[in-house]
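*Asks:* Pasting in a structure now, in C-alpha cells, and then I'll have a few things to ask.
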Amino acid sequence: MPPHPAHPRVVVLSGGTDGMGRAVALARADRGDTVVVLGSNETKGRRLVTETEGRVGFIRADLSSIRETRAAIEEITERHEVVDALGLFANRQSPQRVVTEDGLEKTFALYYVSRYLLGHGLAPLLRRSATPVIINVAGTGTTKGGIRWDDPTLRRRYSTIAAQLQAGRANDLLGVAFAAQPDNPIRYVLYHPGFTRSGDLSPLSAPTRVLLRAAARLAARPIEQAVAPIHDFIDQPPGAPLTAIDRGKQLPLTLATLDPGDADRLAEITRSLVHARRD
C-alpha cells in the first residue's frame, strides 16, 4: 500500500499484535497513519513497535478485563484528540471454560464485551473525525449459535465452539445497536473475512493446532487478501450506518441474526453488566 501523507488517519486496533490485526497495523503505519495497537502480550507489542521504528504505538491491556479495557480507553483519550478508525480483532479460543475477574466467561468478555466498551468508549473521539468508522471483524453471515439468554456465562454445556458462536452472534447485535443510535455519524462495518491464515493458536491443544495448520495450508485465505477490504473501509467508509460483509458479499440487514429487538435486549443487558463493574 503506497503512503498517502496528505491524508493520515489515527487508527486504533484491538488484537493488533497477531494475524490480521498485525497486518493492518503494519500496512497503515507504512501509509503514514498514526496506529495504536492494544494487546495483552508485552513482548509481541514491543516487537511491533521496534519493527516499525515507533510508527506503531502499543498499549498493553488484557481486554478480557473491563478494568483494563477502560484503562486503555483512558490512555488513548489522553494521547489523541480524534480517532478515525477502530478495528476490532481481539479474540482467542479457550478450550476450557474460564471465568474472568468480572464473573464473565472469558471468550464472551474478550470477543464481545471489550468491543462494546471500545466502541462506546472511543465514540467521542470518533465523532470528531470527518470519516469515522468501526470495523468489527467477526463472523457475520454465520447463522449457527446464538445468545444463551438464560446462561450467557455458559455454565452448562460449555464448548470452545459454543463460546465462539455466542460471542460472534453478540457482535452481530452489537453492530445493529450501535448503528441505530440517533444522530450517529460513525459508520459500523461487520466484516467476516472467512477462514484466514492468521491468529494465535497457542491456547489450543497440540493436535488441534496441527489440524488447523494443515487445513489452513489447503483452504485458508492469505492474510493480505483477507485484510484488503478493511483498508477500503478505513479509507472510504460506507455511506450506510451499518454494513455487513461476509467474504466479499454484502448481506441484507433483515437477517435473523441482525434482529433489532435482540440487539436492544443485549445492549440493555450489557449496559447493566458493565455499569455494575465500575471501579
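Every number here is computed from the coordinates shown, using simple stated rules; none is lab data. Please read these numbers as outputs of a predicted model, since none were measured by experiment. Quick reminder, even Gly has a Cβ in these numbers, built from the backbone with ideal geometry, and neighbours come from all protein chains shown.
*Asks:* For the charge dipole of region 10-275, defined by +1 on Lys and Arg C-beta atoms and -1 on Asp and Glu C-beta atoms about the Cα centroid, which residue among LEU48, LEU13, PRO222 has the Cα displaced farthest towards the positive pole?
*Replies:* Most positive-ward Cα: PRO222.
*Asks:* For LYS106, list the lysines whose Cα falls under 28 Å from its own Cα; do not include residues on the same chain fewer than 8 positions away.
*Replies:* Of all the lysines, those that pass the test against LYS106 - Cα under 28 Å, at least 8 places apart if same chain - are LYS44, LYS144.
*Asks:* Taking K and R as +1 and D and E as -1, what net charge do the other residues with C-beta under 15 Å from the C-beta of ASP84 add up to?
*Replies:* Net local charge, ASP84 excluded: +3.
*Asks:* To the nearest 0.05, what FRET efficiency results for SER272 and GLU42 with a Förster distance of 25 Å applied to their C-beta separation?
*Replies:* About 0.15, to the nearest 0.05.
*Asks:* At what distance in nm do the modelled label points of ASP183 and ILE161 sit from each other, each positioned 7 Å from its Cα along Cα→Cβ?
*Replies:* The modelled label-to-label distance comes out at 4.7 nm.
*Asks:* Same structure, new question: Roughly speaking, what is the stretch gain from VAL99 to GLN236, that is 0.36 nm per residue apart minus the C-alpha to C-alpha distance, in nm to one decimal?
*Replies:* 45.4 nm
*Asks:* Return LYS44, LYS106, LYS144, LYS249 ranked ascending by Cβ neighbour count within 10 Å, so the fewest neighbours appear first.
*Replies:* Going from sparsest to densest Cβ surroundings: LYS249, LYS144, LYS44, LYS106.
*Asks:* Going by how many other beta carbons lie within 10 Å of each one, how would you line up ASP62, ASP235, ASP183, ASP33, fewest first?
*Replies:* Listed from fewest to most nearby Cβ atoms, that is ASP183, ASP235, ASP62, ASP33.
*Asks:* Can you compute the helix-only [θ] at 222 nm over the chain? Use -39500 (n - 2.57) per DSSP H run of at least 4 residues, normalise by all residues, nearest 500 deg cm²/dmol.
*Replies:* Helix contribution divided over all residues of the chain: -12500 deg cm²/dmol.
*Asks:* Subtracting the Cα-Cα distance from 0.36 nm times the residue separation, let me have the gained length for THR131 to GLU74 in nm, one decimal.
*Replies:* Full extension of this stretch gives 18.3 nm more.
*Asks:* How big is the charge dipole of region 80-187 about its Cα centre, in debye rounded to the nearest 20, if each Lys and Arg gets +1 on its Cβ and each Asp and Glu gets -1 on its Cβ?
*Replies:* For this selection, approximately 400 debye.
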